[in-house]
């Protein structure tokens, strides 16, 4: 009975891991995600695939870290990956906001120069 | 010396024209630049119609990035002195020369117009003063320099600082951060007494709901500035 439940969980994990992998590949293939941002996701899905098709690894690692239920070790790994991804997203956003700020500032300065040029041109035409 | 007065403007339709007129009257020797931070009221229309010299941000950037655009302009146009002045009528242009004097005679790189030296004019609320005291004390602890009016937006700086600020300026609530990064980068900061008016209309950028966030953000970034500076010193 216990084994059967473990088996079902394993199938579910295999399915989930491959769906995740498939989604990531689809995003990369259709240029919806840049390679540099996909690396950590690929690492995530690769780890999940390894865990699901080779659960003995989870049992061993769970034993070493004294995690009570092996599946908790899977959750722990997932949480760590999610935290890493979230942190990297915050860092990436900070970089973007700096760049957007610079763009807007130079845009404002350029707009002023164009406005001045147009005024000068209008004066000349008179 | 070529002087530029930078006036950030966000939803100041009631004040901006008066502010610019008072500046032209009291300090005709200085150029000015109003920077409209994507106001949602009629500020931009007023700036256009009254022939006021202005920049206009395409998106709302916040006070820090708005003022920074002014420093970029001052850098590109070769100004020797840049003065920040609020667009809401709080800062009287009669004190412009007082604020600029330490820069003109070279005794300071940055000069802040402080309402707490002679304790004249509008002194702002008790809570606000408490916050200012905390930030001021924190800057003293971190740098050993005492600056009283750390949130004053009435400040002049020289050519070296114009170039520095054009590249480095905080985004939101930038006034205390600008002071500490000046001190830590070896610039001299001075204060001169000014009398400030109570703001004449519009909404201050620091509202009561945001004040907790303000204090946390400012204190944290001051400490980060200190850590970054000591990291540089070790290298």
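Taken together, the values in this text are just the output of simple stated rules run on the coordinates, not laboratory data. Fair warning: this is a prediction, and the values are worked out from it, not measured in the lab. For neighbour counting, all protein chains shown are included, and Cβ atoms are generated from backbone atoms with ideal geometry for every residue, glycine included.
Got a sec? How would B:86, B:172, B:167 order by Cβ neighbour count within 10 Å, fewest to most? The partial results should precede the final answer.
Details: B:86 22, B:172 17, B:167 10.
Sorted ascending by nearby Cβ count, the order is B:167, B:172, B:86.
Using bins 10 angstrom wide from zero, how does P(r) for the protein assembly as shown break down, in % of all Cα pairs?
Cα pair-distance distribution for the protein assembly as shown, in percent: 5, 19, 25, 17, 12, 11, 8, 3, 1, 0.
I'd like the mean, over residues of B:48-60, of how many other protein chain beta carbons sit within 10 Å of each residue's own Cβ. Could you put the intermediate results ahead of the total?
Numbers: counts 1, 0, 0, 0, 0, 2, 3, 7, 5, 6, 6, 6, 1.
Other-chain Cβ atoms within 10 Å of each residue's Cβ, averaged: 3.
Take every residue in peptide A:105-114, count the Cβ atoms of other chains within 10 Å of its Cβ, and give the average of those counts.
Values: counts 14, 2, 6, 17, 6, 0, 4, 8, 1, 0.
Taking all residues of A:105-114 together, the mean is 6.
Using only Cα atoms, tell me the angle between helix A:55-65 and the longest principal axis of chain A; keep it within 0 to 90° and round to the nearest 10.
90
Shape call for segment B:71-169 from the C-alpha gyration tensor, a ≥ b ≥ c root eigenvalues: rounded (a/c under 1.5), prolate (a/b greater than b/c) or oblate? The partial results should precede the final answer.
Details: a/c = 1.86, a/b = 1.43, b/c = 1.30.
Judged from the Cα gyration tensor, segment B:71-169 comes out prolate (a/c at least 1.5, a/b above b/c).
Only counting other Cβ atoms within 10 Å, I'd like B:61, A:87 sorted with the fewest neighbours first.
Details: B:61 25, A:87 11.
By the 10 Å Cβ count, ascending: A:87, B:61.
At a 10 Å Cβ-Cβ cut-off, how would you order B:66, A:77, A:65, fewest neighbours first? Could you put the intermediate results ahead of the total?
Values: B:66 28, A:77 16, A:65 10.
Fewest to most other Cβ atoms nearby, the residues stand as A:65, A:77, B:66.
Just from its helices, what would the mean residue ellipticity at 222 nm be for chain B, if runs of 4 or more DSSP H residues each count -39500 (n - 2.57) and the sum is divided by every residue, rounded to the nearest 500 deg cm²/dmol? Write out the running numbers ahead of the final one.
Working: 8 runs with 102 residues, N = 235.
For chain B, the value works out to -13500 deg cm²/dmol.
I'd like the orientation of helix B:211-234 relative to chain B: the angle between its Cα long axis and the longest Cα principal axis, in ° from 0 to 90, rounded to 10.
Roughly 60 degrees between the two axes.
Under the rule a/c < 1.5 gives rounded, and otherwise a/b versus b/c splits prolate from oblate, where does segment B:3-234 land using the Cα gyration tensor? Walk me through the numbers on the way to the answer.
Numbers: a/c = 1.43, a/b = 1.31, b/c = 1.09.
It comes out rounded by the Cα gyration axes.
Project the alpha carbons of segment A:2-125 onto their principal axes and report the range along each, largest first, in whole Å.
Rounded to whole Å, the extents work out to 89, 30, 18 Å.
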